[in-house]
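The values are calculated or read from the model by the stated rules, or taken from the named source; none is laboratory data. This structure is a prediction, so every number in the text was calculated from the model and none was measured. FYI the Cβ positions are ideal-geometry reconstructions off the backbone, even for glycines, and counts take in every protein chain you see.
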Amino acid sequence: MLRGSKVGLRARHEEDIPILRTELYDDVVNGSRAEGGPWRPITPGSKDPRLVPDDTDQRHVSFSVVELNGGTLVGMATLWGIDHHNRFAHIGLGLLPAARGRGYGTDVVAVLCHYGFIVRGLQRLQIETLSDNTAMLRSAERNGFVREGVLRSSAWVLGEFLDEVVLGLLAHEWKPDATA
Ligand SMILES: CC(C)(COP(=O)(O)OP(=O)(O)OC[C@H]1O[C@@H](n2cnc3c(N)ncnc32)[C@H](O)[C@@H]1OP(=O)(O)O)[C@@H](O)C(=O)NCCC(=O)NCCS
């Protein structure tokens, strides 16, 4: 398991799946805002890759996020679009509603940076988020990510076009203890 100061990132366990499906993916607003595509229901028991990771996919790593104190599941995190030539990847995360606003998101980003830069030897990490997602923007910026651009009206979200912000962090800019 990868450890931050508050949360750990471990493999997806069978018992995580119904909780993540119910609390994250059944939520139409959260799904529509977080996924860059139309919300669709996930059939219980299906092998949807958002819930059941394909461990043979070298471009994508999925984690479940747990509290270090007690091991309770609090969300999911991914390193996706891993590009081994350009040594670049995207990061993504989603916390269960009850776990938000407690500093876990900032800690998850810190752990994903450690995984991306140290474990995987990447040179650049990138985050895309809606421009009104203050909690995601702050979680990224607290870890040193900088806003590199705004994709105007790039996301169709529940009846309106919203802007997305692209944030990037380079390995040499990363300060491992920035959020400690
Ligand atoms: C986005 C998300 C991962 C952030 O994690 P979090 O644990 O809630 O965030 P933190 O508690 O670490 O807070 C980070 C910062 O955002 C601020 N913040 C937290 N919730 C906020 C809210 N609802 N509105 C405004 N600011 C907020 C905190 O005060 C903190 O700011 P600071 O660094 O200036 O002190 C989490 O809220 C979440 O899962 N949201 C739903 C899914 C989602 O949006 N995923 C990202 C898709 S790109």
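Yes or no, residue by residue, for (1) within 14 Å of the ligand (Cβ to nearest atom); (2) among the small types (G, A, S); (3) touching a strand residue (DSSP E or B) at 6+ places or on another chain (Cβ under 8 Å):
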residue	(1), (2), (3)
R33	yes, no, yes
G37	yes, yes, no
T43	no, no, no
K47	no, no, no
D54	no, no, yes
R59	no, no, yes
G81	yes, yes, yes
N86	no, no, yes
L93	yes, no, yes
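Using beta carbons and a limit of 9 Å, which pairs, at least six apart or on different chains, have the first residue in the range 75-96 and more than 19 Å from I118 (Cα to Cα) and modelled with pLDDT under 95 and the second one within 9 Å of the ligand (Cβ to nearest atom) and in a strand (DSSP E or B)? The qualifying pairs do not exist here.
The range 1-110 holds strands (runs of 3 or more DSSP E) entirely within its bounds, and those carrying 1 or more residues that are under 14 Å from the mean Cα position of the chain (by Cα) and farther than 30 Å from H172 by Cβ map to 60-67, 73-83. Residue check: V150 meets all listed conditions (1) loosely packed, with under 13 Cβ neighbours inside 10 Å; (2) assigned to a helix (DSSP H, G or I) but one, namely (2).
Would you check which residues across the range 29-48 are touching a residue at least 60 places away in the same chain (Cβ under 8 Å) and not basic (K, R) and list them? The answer is V29, N30, S32, A34, G36. Of the residues E164, E141, only one is surrounded by 16 or more Cβ atoms within 10 Å (Cβ to Cβ), outside any loop (DSSP other than H, G, I, E, B) and touching a Ser or Thr at 6+ places or on another chain (Cβ under 9 Å); which? Residue meeting the stated conditions: E164.
Residues that are more than 11 Å from the ligand (Cβ to nearest atom) and loosely packed, with under 15 Cβ neighbours inside 10 Å: does the range 98-113 have at least one? No, there is no match, as no residue in the range 98-113 is more than 11 Å from the ligand (Cβ to nearest atom) and loosely packed, with under 15 Cβ neighbours inside 10 Å. So is R124 more than 7 Å from the ligand (Cβ to nearest atom) and over 13 Å from the mean Cα position of the chain (by Cα) or not? Yes: the conditions hold for R124. Scoring T129 on the criteria (1) among the polar types (S, T, N, Q); (2) more than 11 Å from the ligand (Cβ to nearest atom); (3) under 10 Å from L167 (Cα atoms) leaves a single failure, condition (2).
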